[in-house]
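Read through the structure below, which is laid out as structure tokens, and then see the notes.
The values are calculated or read from the model by the stated rules, or taken from the named source; none is laboratory data. Here the structure is a predicted model, which is why all the values come from computation and not from measurement. Methodologically, a virtual Cβ is constructed for each residue, glycine included, from the backbone with ideal geometry; neighbour enumeration extends over all protein chains shown. The protein model used for the area step is the full one, side chains on, heavy atoms only, and it has no ligands, DNA or RNA in it. Shrake-Rupley method; radii C 1.70, N 1.55, O 1.52, S 1.80 Å.
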Amino acid sequence: MYELLGISLVLASLLTINALASVAMAACWRLIEGALQTRSARTRAEILFAMRVSPPALAFISVALFLIPSYVVYEPYGSGEVVSKKLATLAILSAIGVGFALWRALRSWAATRSLQQEWLSSAVQITLGGITIPTFRFANSFPIIAVVGTVRPRLFIAEQVLEILSKEELTAAIAHESGHLSTHDNFKRSLLRACRDALMIVPCGRSLDRAWAEAAESAADEHAVQQNAETALNLASALVKIAKLIPVGARASVPMAAFLVGVEETRGVKARVRRLLEIASNGCRHSVPNSAIARILPATMLGFLLTLAFAVASNPQVLVTVHSMIERAVNLLS
């Protein structure tokens, strides 16, 4: 029963801390959303990513550095405490969420790999300037131009896209995909999806996911046009042309892929075009700040959490207090 109680407490704590922190982050985003509209899209994307991954990171750190050590050191092996129905319910929900997240991640990886192999079977490798990863052209009813994969990404371009875009528009579109590559957006998209799947009963994180996806697309647009205003006009023209080729009701559905057009609705494309026209008219260098702080924000926040957690956990009195809180929680759930 000692081991079962400990496992149940770990699972229940992971779910509870993650859920509460996710609600808090969603509320915090509501408060700062307006103030961040004047910042660059890359800054917004990095802040949103940091806010979205902070709850599970906080839950994991809290359990690994505080709950488990305090339980192992201070919980008597023969305490006689049992796993109540309420605690068991929380633990089961947490286990289901973690299992569902792992299953969805595996299924997304398998689906992406399978589709990628299908595309490669009929694709022809080509060489284009401005991109360093393997690039392929292939026939597809959807006007695809996308970076697919996380570990070994590849760029896929539908033949109809190559035919309809001018050389300048294609260069701008490739620069957009390079923006996704430079910030590892496919990996971030997969991680955010896992964070959401682990909290099936708390849908508040979806608003942060949508906001991050929009900011990431705008950030890739900004990356593409940071050289000159003409590129902004070419990218806007490419977005419009590709959007017109999309079959009615069709949406790109490759989980681990960054599409030029395909994830957002029509209004999303319109907003991006308006932003590109604004950048072209105002001057790209003034409109697209490149903040080094924004790029390192997620790693900085994680480092801060770990440093603070280690510093606090090194105090034995803290573990005594945590164990006292565990005892209260077990009694409350009895």
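Tabulated results
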{"read-out": "Normalised alpha carbon radius of gyration of the range 56-199 [divisor 2.2 N^0.38 Å]", "value": "1.58"}
{"read-out": "Solvent-accessible surface ranking, highest first, for 22, 182, 190 at 1.4 angstrom", "value": "182, 190, 22"}
{"read-out": "Among 161, 124, 261: highest mean-square fluctuation, GNM of the chain, C-alpha pairs under 10 Å", "value": "124"}
{"read-out": "Among 56, 76, 134, residue whose mean-square fluctuation peaks in a GNM of the chain (springs only between Cα atoms under 10 Å)", "value": "76"}
{"read-out": "Difference of contour (0.36 nm per residue) and Cα-Cα distance, residue 307 to residue 210", "value": "31.9 nm"}
{"read-out": "Descending Cα extents along the principal axes, the range 58-129, whole Å", "value": "67, 29, 18"}
{"read-out": "Stretch gain in nm, segment residue 64-residue 118, where the contour uses 0.36 nm per residue and the Cα spacing is subtracted", "value": "15.3 nm"}
{"read-out": "Point-charge dipole on Cβ atoms (K/R +1, D/E -1) for the range 66-199, about Cα centre, debye to 20", "value": "340"}
{"read-out": "Listed residues 80, 179, 129, most fluctuating in the chain (Gaussian network, C-alpha, under 10 Å)", "value": "80"}
{"read-out": "Sites residue 110 and residue 317, calculated FRET efficiency, Cβ-Cβ separation with R0 35 Å, nearest 0.05", "value": "0.15"}
{"read-out": "Percent of C-alpha pairs per 10 Å bin, the range 118-157, short to long", "value": "30, 60, 11"}
{"read-out": "On Cα atoms only, tilt of 85-121 relative to the major axis of the chain in degrees", "value": "20"}
{"read-out": "Computed lengthening from residue 270 to residue 152, 0.36 nm per intervening residue step minus Cα-Cα distance", "value": "39.3 nm"}
{"read-out": "The range 1-57, Rg to Rh (Cα coordinates; Rh as Kirkwood inverse mean 1/r)", "value": "1.23"}
{"read-out": "Evaluated over the chain, the Cα radius of gyration and Dmax, each in Å", "value": "23.4, 75"}
{"read-out": "Per residue, the convex hull volume that the Cα atoms of the range 88-173 enclose (Å³)", "value": "121"}
{"read-out": "Estimated dipole of the range 8-131 in Debye, rounded to 20 [Cβ of Lys and Arg +1, of Asp and Glu -1, Cα centre]", "value": "320"}
